[in-house]
Amino acid sequence: MVKVYVHDNKSGIDYRESHNSGTEFSLDELAKLGVIYKYCATEADVNEIAKERQYRNRDVVDIHQGSFKNEADFNEKLAMFYKEHLHEDEEIRYCLEGTGYFDVRDASTPENWVRCRVEPGDLLILPPGIYHRFTLTSTNHIKALRLFKDEPKWQAINRSTQADALPVRKHYVSRINQY
Ligand SMILES: CSCCC(=O)/C(O)=C/O
Ligand SMILES: [Fe+2]
C-alpha cells in the first residue's frame, strides 16, 4: 500500500533514501493535487481502469542496474527521471515488482515535495501539467506497467519559465486552485 508524506527537502543525501520529514499526507490531500491513487490487487483491476479511461497501449519498464549497459547509463537514466518535469498527458503507472518514489509538487507550499512510495499493487494517476519526478528506492529496483492512450512515448518537459507558460500547466494550476 502506498505511503505518502512530505519530503524533508534535504539535499546531499542520496535521493533514493526515504527523505521522510515525518509529516504524513493523506490520499484526500493527494487527490486535491489531482493525483489519484488506486490499489489494484491484480492486472484485471488495472485493465478496468485502462478501459474506463480509454487507454489502449501499455509497456513494462524494469529498472535496475542490470538492465543498463553500464553504471553510467543507469545513473544517467535515474538523473533524467529525477529532474522535475511535467507531461502533456496523464501519467498512469502500476507497480508490479520492487519499489519507487514518485514526488509531486504540493500546490499550496510549492517548495515542498510530496513523496509517494509505491510497492506492488499500487497504481498512481498523475494529471497532465503537474510537476513531478521519479526515483528508485535504496533497493534499486522497480518493474512497472506504463499505460498509454496511444503509442508508448515518454516526453518530459523539464521545469522552466517556458514550461510554466504552457496551456497544460496553466490549466493544471487553475484546476487545482478551484479546490
Ligand atoms: C516507474 S515508471 C518510470 C518513470 C516514468 O515513467 C516517469 O514518467 C516519471 O515521471
Ligand atoms: Fe513523469
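The values are calculated or read from the model by the stated rules, or taken from the named source; none is laboratory data. It should be emphasised that the depicted structure is a prediction, and the values quoted were computed from it without experimental measurement. Reconstructed Cβ throughout: ideal geometry from the backbone, glycine too, with neighbour counts over all protein chains shown. These area figures cover heavy atoms from the full protein model, side chains too; ligands, DNA and RNA do not enter into them. Shrake-Rupley method; radii C 1.70, N 1.55, O 1.52, S 1.80 Å.
Brief remarks on what is shown
- Just one of (1) assigned to a loop (DSSP other than H, G, I, E, B); (2) under 29 Å from Gln162 (Cβ atoms); (3) of a type in the set (A, V, I, L, M); (4) in contact with a strand residue (DSSP E or B) (Cβ under 8 Å, 6 or more places away or on another chain) fails for Ala107. It is (4).
- Those residues of region 81-94 which are within 10 Å of ligand 2 (Cβ to nearest atom) and assigned to a helix (DSSP H, G or I), in sequence order: Phe81
- Any chance Gln65 is under 24 Å from Lys153 (Cβ atoms) and touching a residue at least 24 places away in the same chain (Cβ under 8 Å): no
- Ser174, sole failed condition from (1) within 12 Å of ligand 2 (Cβ to nearest atom); (2) open to solvent by 10 Å² or more (accessible area, probe 1.4 Å): (1)
- Residues that are aliphatic (A, V, I, L, M), within 12 Å of ligand 1 (Cβ to nearest atom) and farther than 11 Å from Glu91 by Cα within region 112-144 comprise Val118, Leu136, Ile142, Ala144, listed in sequence order.
- Residue match in region 149-157 (condition: under 28 Å from Gly22 (Cα atoms), touching a residue at least 12 places away in the same chain (Cβ under 8 Å), within 16 Å of ligand 2 (Cβ to nearest atom) and not polar (S, T, N, Q)): no
- Here the condition is being under 21 Å from Leu136 (Cβ atoms) and either hydroxyl-bearing (Ser, Thr, Tyr) or in contact (Cβ under 8 Å) with a residue 12 or more places away in the chain (or both); of Phe74, Phe81, it holds for Phe81 alone.
Conditions tested, residue by residue: (1) of a type in the set (Val, Ile, Thr); (2) within 16 Å of ligand 2 (Cβ to nearest atom); (3) part of a strand (DSSP E or B); (4) open to solvent by less than 30 Å² (accessible area, probe 1.4 Å).
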residue: Asp73; (1), (2), (3), (4): no, no, no, no
residue: Leu96; (1), (2), (3), (4): no, no, yes, no
residue: Asp103; (1), (2), (3), (4): no, yes, yes, yes
residue: Val114; (1), (2), (3), (4): yes, yes, yes, yes
residue: Thr135; (1), (2), (3), (4): yes, yes, yes, yes
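- Test: residue in region 159-166 that is within 15 Å of ligand 1 (Cβ to nearest atom) and either without any contact (Cβ under 8 Å) to a residue 12 or more places away in the chain or under 13 Å from the mean Cα position of the chain (by Cα) (or both): no
- Among the residues of region 140-151, none qualifies, meaning not one is touching a helix residue (DSSP H, G or I) at 6+ places or on another chain (Cβ under 6 Å) and open to solvent by 30 Å² or more (accessible area, probe 1.4 Å).
- Look at (1) in contact with a Pro (Cβ under 7 Å, 6 or more places away or on another chain); (2) within 10 Å of ligand 1 (Cβ to nearest atom); (3) open to solvent by 50 Å² or more (accessible area, probe 1.4 Å) and you find that Lys77 fails only one, number (1).
- Selection within region 1-43 - part of a strand (DSSP E or B), charged (D, E, K, R) and surrounded by 14 or more Cβ atoms within 10 Å (Cβ to Cβ): Lys3, Lys38
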